[in-house]
1. Out of the strands (runs of 3 or more DSSP E) lying entirely within segment 354-453, which hold 2 or more residues that are free of Cβ contacts under 8 Å to residues at least 60 places away in the same chain, among the polar types (S, T, N, Q) and surrounded by 15 or more Cβ atoms within 10 Å (Cβ to Cβ)?
2. Quickly run through segment 306-318 and pick out the residues that are in contact (Cβ under 8 Å) with a residue 60 or more places away in the chain and over 20 Å from R129 (Cβ atoms).
3. Any idea how many residues of segment 121-147 are in contact (Cβ under 8 Å) with a residue 40 or more places away in the chain, in contact with a strand residue (DSSP E or B) (Cβ under 8 Å, 6 or more places away or on another chain) and among the aliphatic types (A, V, I, L, M)?
4. Across segment 1-16, what is the total count of residues that are assigned to a helix (DSSP H, G or I) and surrounded by 13 or more Cβ atoms within 10 Å (Cβ to Cβ)?
5. How many residues does segment 19-38 hold that are part of a loop (DSSP other than H, G, I, E, B) and farther than 27 Å from D348 by Cβ?
6. Cβ-Cβ under 6 Å, sequence separation 6+ or interchain: first residue in segment 1-22 and outside the structural domain of R139 (by TED's automatic domain parsing), partner in a helix (DSSP H, G or I). Which pairs?
7. Quick one: is D70 within 30 Å of K354 (Cα to Cα), outside any helix (DSSP H, G or I) and either under 19 Å from the mean Cα position of the chain (by Cα) or not assigned by TED's automatic domain parsing to the domain that holds R132 (or both)?
8. When the residues of segment 324-337 are filtered to those that are in contact (Cβ under 8 Å) with a residue 60 or more places away in the chain and not polar (S, T, N, Q), which remaining residue is surrounded by the fewest Cβ atoms within 10 Å (Cβ to Cβ)?
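The values are calculated or read from the model by the stated rules, or taken from the named source; none is laboratory data. Predicted model only: the values in this text are computed from it and were never measured. Cβ: placed from backbone, ideal geometry, glycine included. Neighbour counts: every protein chain shown.
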Amino acid sequence: MKPSIPKGTRDFSPTEMLRREHIFSTIRGVFKLHGYQPIETPAMELTETLMGKYGEEGDRLIFRILNSGDFLKDVPHDALVTRPASLASLISEKALRYDLTVPFARYVVMNRNEITFPFKRYQIQPVWRADRPQRGRYREFYQCDADVIGSDSLLNEVELVKIIDSVFKRLNIPVLVKLNNRKLLQAVAEAVGEPERFVDITVAMDKLDKIGLEKVEAELRERGLSDSAVLKLRPLMQFVGDTAQKVEFLRGFLAGSALGEKGLSELTEVIDTASALVSSSTKIEFDLTLARGLNYYTGAIIEVKSAIPDTLTGSICGGGRYDDLTGIFGMPGTSGVGISFGADRIYDVMFEAKLFPDALAEGPRVLFVNFGTAEAARSLQLLVQLREAGIVAELFPDQAKMKKQMGYADARSIPFVAIIGENELKDGTVTLKDMRSGEQSVIPASSLIDKVR
């Protein structure tokens, strides 16, 4: 069998892992600065925990796990023949998590007596989606989430925008932060006479950047919207202007809607407050059509894109407010808001823009050549001293030809090779070769640490 891995998954080389860890440590550091605490949840959740939280399209992308053993044993025969659609729930009690937010809500409800509210948590773990693999879209990928739950204050949204700014400033990625509010979108659905099709409208409008106006309107009609409703939506989807102009346009579009006025008030407060805090590399924009397809969002919604030309155009961070996600699990009335950084997409942007530092982690500084048992024993003594001094060092494990050992040092970009042969053993010295200049010198073993430094 030719070795392979599932589509949409990847192996990562040491170099790639160092770059990924650079992203993770940067995000983690900013989370900690803002007082967020780490948690982890299992890779798998009960299927019933996940289903129905992400919308119809999201539910289709959940990876289900077959029950152990004879998973068909208790399935009625007629289900195999006449009810195949019901099979999934009968043979799969568990599923791989789709995101980190729903498991977090489940965690909060299960641990509510031990949690101090408002609870600020961060979580950096992989998630899985049965999506069609393509550039910037994987079936297994990492999310880096920060959420605040147990507070209605819009200061939380402002802080999350500032976290976005701080993370991407540290990673040298200028970004565009798009903001909207689901209350506005609900008011829009009411204004066009289709309040019961709010989800259909948001799912379709969320694809405007990807498929264009014509296809979005076609999808809206397929989802049951009347021609008149689609025509009423068109000016909103085509409107171009700055934040003030968009707010003024919506005030007219949603005239008389208390829900719309509430959404505009929340949106402008977040934009005005956050705009005074972010750096010049972060631009904040009110996006009238930003919807984010997840059903649990109820207030602010956030999407972040790279502002570097010719890099990945998709979202590299996103999030929003959810007013009652914990209510599904028996703890109603607890509002939360959070963001999620897509580490894999951030990696793609940084790789394309050549933003990774040249030296992310210090590799070995010294390689000891292995000439035999006695020489290796002496090298090990010095190796321990170097490591205790914080200098990364290795001993070549095999008594191989000098050419092979030097080739290994060169391939690993190790700057110094330490040679201890018969003469060095007798004299208490080390021959140290600088692999960059080719120069070598004989030094006392006691001065090796200072010389390497």
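1. On the way: elements: 366-368, 393-395, 416-419, 429-434, 440-444.
Counting at least 2 such residues, we get 429-434.
2. S306, A307, I308
3. 2
4. Total meeting the criteria: 1.
5. Residues that pass the stated criteria total 1.
6. Final answer for the pair search is none.
7. no
8. G330
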